[in-house]
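To start, the structure itself, in structure tokens.
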Amino acid sequence: MYELKVISQFAAAHQLREFVGKCEALHGHNWKVEVHVTGNRLGKDGLLIDFALIKKQTEQALEEMDHKFLNDLEAFKDLNPSSENIAGYIFKSLGKELNNENVRVSRVTAWESDNACATYSEP
Ligand SMILES: [Zn+2]
């Protein structure tokens, strides 16, 4: 199996609901997002999928969150904008764009600091 990884960034503010701790107050993060794409078969060009396409779709998914207050977004109206839910949200929106018979988004990791991240994947 081949696995590709693309790394992107976005900056946003959030405020966790029903949570007691530092993230209860309004604050921001510079999130680093890792997108993993896997597949078994390469095209004639020796590529699983063009990195530029993964990058473009990822940038599009992050665009709606970049420099926003995440709690205000439709996606996080009823869902806490935690790194876990951000990873899950990106995973689902990217899957719709990139998954096909050869390729699937296998894992999305959202780093909210240099040493803390959440990963979402589906079996
Ligand atoms: Zn936070």
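When the helices in the chain are scored as -39500 (n - 2.57) per DSSP H run of 4 or longer and the sum is shared across all residues, what 222 nm value do you end up with, to the nearest 500 deg cm²/dmol? Mind showing how you got there, number by number?
Values: 2 runs with 29 residues, N = 123.
Rounded to the nearest 500, it is -7500 deg cm²/dmol.
Placing one identical point scatterer on every Cα of the range 1-49 and ignoring solvent, what is log10 I(q)/I(0) from the Debye formula at q = 0.13 Å⁻¹?
Taking Cα atoms of the range 1-49 as identical point scatterers yields -0.53.
What net charge is computed for the residues neighbouring residue 52, neighbours being all others with C-beta under 15 Å from the C-beta of residue 52, Lys and Arg scored +1, Asp and Glu -1?
Counting the neighbours of residue 52, the net charge comes to -1.
Applying 1/(1 + (r/R0)^6) with R0 = 25 Å to the Cβ-Cβ distance of residue 99 and residue 9, what FRET efficiency is obtained, to the nearest 0.05? Walk me through the numbers on the way to the answer.
Working: r = 23 Å, r/R0 = 0.93.
After rounding, the FRET efficiency stands at 0.60.
List the GluC sites (Glu not before Pro) within the range 69-123 that DSSP assigns to loop and that have no more than 10 neighbouring Cβ atoms inside 10 Å. All intermediate terms of the calculation are to be shown ahead of the outcome.
Details: sites: 74, 84, 97, 101, 112; in loops: 101.
Answer by residue number: 101.
Any chance you could give the angle, 0 to 90 degrees and rounded to 10, that helix 51-63 forms with the longest Cα principal axis of the chain?
20 degrees
Once you have a ≥ b ≥ c as the square roots of the Cα gyration tensor eigenvalues for the chain, tell me rounded if a/c is under 1.5, and otherwise prolate or oblate according to whether a/b is larger than b/c.
Details: a/c = 2.33, a/b = 2.27, b/c = 1.03.
Taking the square roots of the gyration eigenvalues as a ≥ b ≥ c, the chain is prolate.
Among the lysines, which fall within straight-line cross-link reach of residue 32, defined as a Cα-Cα distance under 20 Å, with same-chain neighbours fewer than 8 residues apart omitted?
Counting by Cα, and skipping residues close in sequence, residue 32 has these lysines nearby: 5, 22, 55, 56, 68, 92.
Loop only per DSSP, at most 14 neighbouring Cβ atoms within 10 Å: give me the chymotrypsin sites (Phe, Trp or Tyr not before Pro) in the range 15-88, ordered by residue number. Present the calculation step by step, with values, prior to reporting the outcome.
Details: sites: 19, 31, 51, 69, 76; in loops: 19.
Sites meeting the loop and neighbour criteria: 19.
What's the longest piece of the chain with no exposed trypsin sites (Lys or Arg not before Pro), counting a site as exposed if DSSP puts it in a loop and it has at most 12 other beta carbons within 10 Å?
Numbers: sites that count: 41, 44, 77.
Here the longest run is 78-123.
Just so you know, all these numbers are worked out from the coordinates, no wet-lab data involved. On a predicted model such as this, the values are computed, not experimentally measured, just so you know. All Cβ positions, glycine included, derive from the backbone under ideal geometry; neighbour counts span all protein chains shown.
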